[in-house]
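Below is one structure, written out as structure tokens; the observations come after it.
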Amino acid sequence: MTVISASWLSMPAVQLVCELLEAAGHQALYVGGCVRNTLLDQPVADHDLSTDAPPQAVITIMEDAGLKVIPTGIDHGTVTVLADGEPFEITTFRHDIETDGRRAVVTFATDVIEDARRRDFTMNAIYCNRHGQIIDPLDGMTDLRARRLRFVGIASERVREDYLRILRFFRFSAWYADPDQGFDADALDACTSHIDGLARISAERVGSEVRKLLAAPNPSQSVAVMQTCGVLPAILPGSDVTALPVLVHLEELLGRAPDPILRLAALGGDQVATRLRLSRSDARRLETLSAAARSGQAAAELGYRHGAQAGQAAVLLNAALMGVPPAETAFDDVARGAAAEFPVSASDLMPDTVGSALGAALKALERRWIDSGFVLTKAQLLA
């Protein structure tokens, strides 16, 4: 039997919620990302539990122990328990009895194999108990060790249960699969055959998956396959993957962390913010970076107008769109521009110049100052 060890498994809260369920005669198994990422030696963010205890029994057990319980998805057997300030999403074993591609009607089960069979990918159907002992009903470990992403059972059935799994397939491929192995043929066929189902998924869910995909270290191959098979045009009409691998390469060379919004700007497309239901801040940043990179402005001016961080991002995006590396001095120029302060103010031109003429005069002086490399003084500009 495979046994894993990890710091999160030894956390008191992690042990406590399992002990409470087990003391009441129920199974308590961690599943999904926390197990998968531990096996891949990657960071663990969430602690999801599966159990044969019905939802109401979970609520009673946890509340009797003085823990706060939130019925986050009780119709689907899920409650969130807060222990030592940590959220634990606990879901009763279940299987789907009816689906429409967005939501499922479920019935609760007592067998972990039934629960595993309704999950999306084999690598997400690996469980462990609080001692770290692995329970692997569908031999997901074999696929995980090979870094091979496969749907559980018949791929087309898994996709029809929830069309968002099309995007999850490409997201998980980018994060966890071995790019040298290519993509599972049955999975690609299922995704391609059910592209129309993506129109039934909310913009929020689509946007969330796209941002997670673009946050992967290198999503270029996944996004390229999405374009080839028609998935990318279905969710982002007008987008183009050409600049994305160039941008990713430049980020890697410069040691920059993946930037999903910058990468989204490299893809382009029609009404991106609306189609992905971006937040206002992300939508503004996307629009600013896209416009700045295509403005034709020099690196120093980009730094002056947008600040150091956004100026550097615009330089990278412009380089990716042009297919050439940025100039060696580009980032220094951005920093120089970001530090520059225009020495002339409106009061310097008043009262001789007012109204629209004042704005035009300031704009003309600012242009002269920028073109001088920010070196002309106030006196020289006003002379």
Exercise. In a Debye calculation with equal point scatterers on the alpha-carbon sites of the chain and no solvent, what is log10 I(q)/I(0) at q = 0.10, 0.11, 0.13 Å⁻¹?
Worked result: -0.77, -0.87, -1.07
For this session: Working with all protein chains in place, sort His76, His26 by solvent-accessible area computed with a 1.4 Å probe, largest first.
Result: His76, His26
For this session: Could you order Met350, Met11, Met123 so the one with the most accessible surface comes first? Probe is 1.4 Å.
Result: Met350, Met11, Met123
Seminar exercise, completed: For Tyr30, Tyr176, the accessible-area ranking with a 1.4 Å probe, largest leading, is Tyr176, Tyr30
Seminar exercise, completed: Heavy-atom accessible area of the chain with neighbours in place, 1.4 angstrom probe: carbon+sulfur share in percent works out to 51
For this session: Please work out the average accessible area per residue across the chain, using the 1.4 Å probe convention, and give it in Å².
Result: 47
Problem set entry | Those aspartates and glutamates that a straight Cα-Cα span of less than 12 Å connects to Lys212, excepting residues fewer than 8 apart in one chain | Asp259
Exercise. With the contact rule set at Cα under 8 Å and sequence spacing of 6 or more, what percent relative contact order holds for the stretch 178-281?
Worked result: 34
Seminar exercise, completed: Probe 1.4 Å, all chains present, heavy atoms only: Met322 accessible area in Å², nearest 10, is 130
Problem set entry | the stretch 175-236: C-alpha gyration tensor shape, a/c 1.5 cut-off, then a/b vs b/c | oblate
For this session: Note down the net charge around Ser290, summing +1 for each Lys or Arg and -1 for each Asp or Glu among other residues with Cβ under 15 Å from its Cβ.
Result: +1
Exercise. Per the helix-only calculation at 222 nm, which mean residue ellipticity applies to the chain, given -39500 (n - 2.57) for every DSSP H run of n ≥ 4 and division by its residues, nearest 500 deg cm²/dmol?
Worked result: -14500 deg cm²/dmol
Problem set entry | the stretch 131-234, relative contact order in percent, only Cα pairs under 8 angstrom and at least six apart counted | 32
Problem set entry | Contact order normalised by residue count of the chain, Cα under 8 Å, 6+ apart, percent | 9
Seminar exercise, completed: Arg118 neighbourhood, Cβ < 11 Å, K/R = +1, D/E = -1, net charge -3
Exercise. Which distance in Å, rounded to a whole number, links the C-alpha centroids of the stretch 1-71 and the stretch 284-338?
Worked result: 47
Exercise. From the Cα gyration tensor of the stretch 10-114, with a ≥ b ≥ c the square roots of its eigenvalues, which class applies: rounded if a/c is under 1.5, or else prolate if a/b is larger than b/c, or else oblate?
Worked result: oblate
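The values are calculated or read from the model by the stated rules, or taken from the named source; none is laboratory data. What you are looking at is a predicted structure, and each value in this text was computed from that prediction instead of being measured. All Cβ positions, glycine included, derive from the backbone under ideal geometry; neighbour counts span all protein chains shown. Accessible surface areas use protein heavy atoms only, side chains included; no ligands, DNA or RNA. Shrake-Rupley method; radii C 1.70, N 1.55, O 1.52, S 1.80 Å.
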